[in-house]
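Notes to accompany the following structure.
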Amino acid sequence: MPELTPIHFFDERIEVLFNTPPTLEKAPHCPNGFIWYGQTYTITASLSEWTDFARRGKMAKNMRPEHAEVASTRGSLNVGRYYFRVKVDTGQIFDIYYDRAMKNVDNRKGEWVLYRELQESENK
């Protein structure tokens with residue numbers, strides 16, 4: 001069975017496209033496509049999804065342990081990422097994520113990021 005290996009790391013903002021917008025903006029489902037450097041990529045398959053609600057930096061120490069334990073499984077205000085491994089119409093496989101963190105008072109909604117590109121490689 002082929003294994004996926006990262007080949008490019010980008011960590012760059014993207015604009016996502018939804019046929020039906022998520023009911024909860026800060027808990028999105030997989031988008032239908034994204035725009036990166038002016039090129040539109042249509043997502044043809046969602047290969048996997050996962051979340052990471054780890055608190056990092058200053059945020060790791062600003063919560064009581066019993067509350068931090070609950071937050072680690074469901075998130076808390078402005079903390080957490082929703083990851084999606086997707087295949088696009090060009091045949092490429094990417095990991096993208098939605099970062100719930102508020103960037104500043106003008107950007108409270110978080111942002112979508114193209115994390116990396118992967119390729120299939122045979123197990124040895």
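The values are calculated or read from the model by the stated rules, or taken from the named source; none is laboratory data. As the structure is a computational prediction, the values presented were derived from the model and not from experiment. Methodologically, a virtual Cβ is constructed for each residue, glycine included, from the backbone with ideal geometry; neighbour enumeration extends over all protein chains shown.
Out of curiosity, is residue 22 closer than 18 Å to residue 101 by Cβ and in a loop (DSSP other than H, G, I, E, B)? Give the derivation first.
Values: closer than 18 Å to residue 101 by Cβ: yes; in a loop (DSSP other than H, G, I, E, B): yes.
Considered against the rule, which asks whether it is closer than 18 Å to residue 101 by Cβ and in a loop (DSSP other than H, G, I, E, B), residue 22 comes out as yes.
Would you tally the residues in the range 25-66 being over 17 Å from residue 98 (Cα atoms), in a loop (DSSP other than H, G, I, E, B) and at pLDDT 90 or above? Count: 2. Residue check, residue 18 against (1) more than 15 Å from residue 111 (Cα to Cα); (2) more than 12 Å from the chain's Cα centre (by Cα); (3) among the aromatic types (Phe, Trp, Tyr), all met but one. Which one? In the conditions (1) more than 15 Å from residue 111 (Cα to Cα); (2) more than 12 Å from the chain's Cα centre (by Cα); (3) among the aromatic types (Phe, Trp, Tyr), residue 18 misses (1) alone.
When restricted to residues that are buried (at least 19 other Cβ atoms within 10 Å of the Cβ), at pLDDT 70 or above, not in a strand (DSSP E or B) and not charged (D, E, K, R), the range 69-124 contains 2. Taken over the range 18-41, the criterion of being surrounded by 15 or more Cβ atoms within 10 Å (Cβ to Cβ) and touching a residue at least 12 places away in the same chain (Cβ under 8 Å) is satisfied by 26, 28, 30, 31, 32, 33, 34, 36, 41.
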